[in-house]
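S.K.: Quick one: this structure, given as structure tokens, is what I'll be asking you about.
The values are calculated or read from the model by the stated rules, or taken from the named source; none is laboratory data. Here the structure is a predicted model, which means the values were calculated and not measured. Please note: Cβ atoms are built from the backbone with ideal geometry, for glycine as well, and neighbour counts cover all protein chains shown. These accessible areas exclude ligands, DNA and RNA; they are computed on the full protein's heavy atoms, side chains included. Shrake-Rupley method; radii C 1.70, N 1.55, O 1.52, S 1.80 Å.
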Amino acid sequence: MRMWMVDPRILCTKHLLGEHVETHMFVGTIARGVSLGGYLSKGLFEPAELRRRHQALVREMTQRGMNHASPLPEYE
């Protein structure tokens with residue numbers, strides 16, 4: 001899992017959809033209480049940006065004519 005944190009417009013479709021799935025995977029990991037320390041220490045995850053990043057990815061998916069039906073669940 002990783003957050004690319006580049007402009008979603010430059011991502012190919014495979015990476016755009018992949019990162020979208022990974023935002024949901026991060027939320028699931030957080031909900032289960034699993035440590036994300038390794039991702040944080042390697043700069044692969046920015047928890048403060050997770051919801052905003054998901055919104056940016058969804059915006060780009062919509063721009064490309066893709067449907068989005070998976071809102072990001074609530075998490076702490």
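S.K.: Which pairs turn up if I take residues in region 52-75 that are under 16 Å from Val21 (Cβ atoms) and look for partners that are assigned to a loop (DSSP other than H, G, I, E, B) and of a type in the set (D, E, K, R) with beta carbon separation below 8 Å, at least 6 apart in sequence or on another chain?
M.R.: Between residues of region 52-75 that are under 16 Å from Val21 (Cβ atoms) and residues that are assigned to a loop (DSSP other than H, G, I, E, B) and of a type in the set (D, E, K, R), the close pairs are Arg53/Glu46.
S.K.: Determine whether region 11-23 contains at least one residue that is surrounded by 10 or more Cβ atoms within 10 Å (Cβ to Cβ), small (Gly, Ala, Ser) and touching a helix residue (DSSP H, G or I) at 6+ places or on another chain (Cβ under 7 Å). Show your work before the answer.
M.R.: Keep residues of region 11-23 that are surrounded by 10 or more Cβ atoms within 10 Å (Cβ to Cβ), which gives 11, 13, 15-23.
Narrowing further to those that are small (Gly, Ala, Ser): 18.
Now narrow it down to the ones that are touching a helix residue (DSSP H, G or I) at 6+ places or on another chain (Cβ under 7 Å): none.
Checking region 11-23: not a single residue is surrounded by 10 or more Cβ atoms within 10 Å (Cβ to Cβ), small (Gly, Ala, Ser) and touching a helix residue (DSSP H, G or I) at 6+ places or on another chain (Cβ under 7 Å).
S.K.: Can you pull out the residues in region 24-37 that are loosely packed, with under 14 Cβ neighbours inside 10 Å and under 13 Å from the mean Cα position of the chain (by Cα)? Step through it out loud before you land on a result.
M.R.: Step one: list which residues in region 24-37 are loosely packed, with under 14 Cβ neighbours inside 10 Å, which gives 25, 28, 31-35, 37.
Across region 24-37, the qualifying residues are Met25, Gly28.
S.K.: Might you let me know whether region 38-50 holds any residue that is free of Cβ contacts under 8 Å to residues at least 40 places away in the same chain, open to solvent by less than 30 Å² (accessible area, probe 1.4 Å) and farther than 13 Å from Met5 by Cα? Reasoning before the result, please.
M.R.: Here is the first cut: in region 38-50, the ones free of Cβ contacts under 8 Å to residues at least 40 places away in the same chain are 38-43, 47-48.
With the extra rule that they be open to solvent by less than 30 Å² (accessible area, probe 1.4 Å), the set shrinks to none.
The answer is no, given that none of the residues of region 38-50 is free of Cβ contacts under 8 Å to residues at least 40 places away in the same chain, open to solvent by less than 30 Å² (accessible area, probe 1.4 Å) and farther than 13 Å from Met5 by Cα.
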